[in-house]
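Presented below is the structure to which this report refers.
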Amino acid sequence: MPRLLALSFLGLLATACAPRRPAPGAANEPRPDVVLEGARLRSYEGDTLQVSGTASRVLYRRAGGEVQATEVVVRLPPGKSAQGSPSSTPQGTTITAPNMDGSLASKTWVGTGGVVVRTGEGMVANTPRLTYNADSRRAHGEEGVTMKGPDYQMRADRFTLSAADQTFTFEGAVQAALGGATE
């Protein structure tokens, strides 16, 4: 009898210690190698700061250099104007997103869940999804954008943002209301 009790106990212990199986339909993603809570982000090219910001949570996988972050605020410092002189707006551009996925290898990241872009000149753009390439310092979106400035509002199907000189290019159907437009 004690032998049967001991075997039953070992069986229960083995079941309790066995790895849990994911629920049916759950994503079978590998676990991150690093999880950071309340992270500060900085990316340099040589001695030059290219991007800074914060994230509520960052998951990092070494194997592919993949990063996933939540509640992200990214600051892109102002670049140079077309003539090579410093930009006239020292604030740069700020991008906020509930979620961002990126790759250190490709230097590209995608913000989703309602991305907001604020330039130093007072423009505020809202888009569902934004893709940023750190090499070119350009962002683009294919799912529409609305923008408000000090005395205008715009809507467009697609856009490109140059973070270096804080210029937007709009494509597709573009609508604009000028002169102190209101909602």
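No lab work stands behind these numbers, since they all come straight from the coordinates. Owing to the predicted nature of the structure, the values given are computational and were not obtained by experimental measurement. All Cβ positions, glycine included, derive from the backbone under ideal geometry; neighbour counts span all protein chains shown.
Shape descriptor for segment 95-183: Rg over Rh equals 0.98 (Cα atoms; Rh from the Kirkwood inverse mean 1/r).
Can you list residues whose amide H is under 5 Å from R129's amide H, if they're 5+ apart or on another chain and H is modeled 1.01 Å from N? For R129, the qualifying residues are V115, E143.
The calculated FRET efficiency for A173 paired with D33, based on their beta-carbon distance and R0 = 41 Å, is about 0.40.
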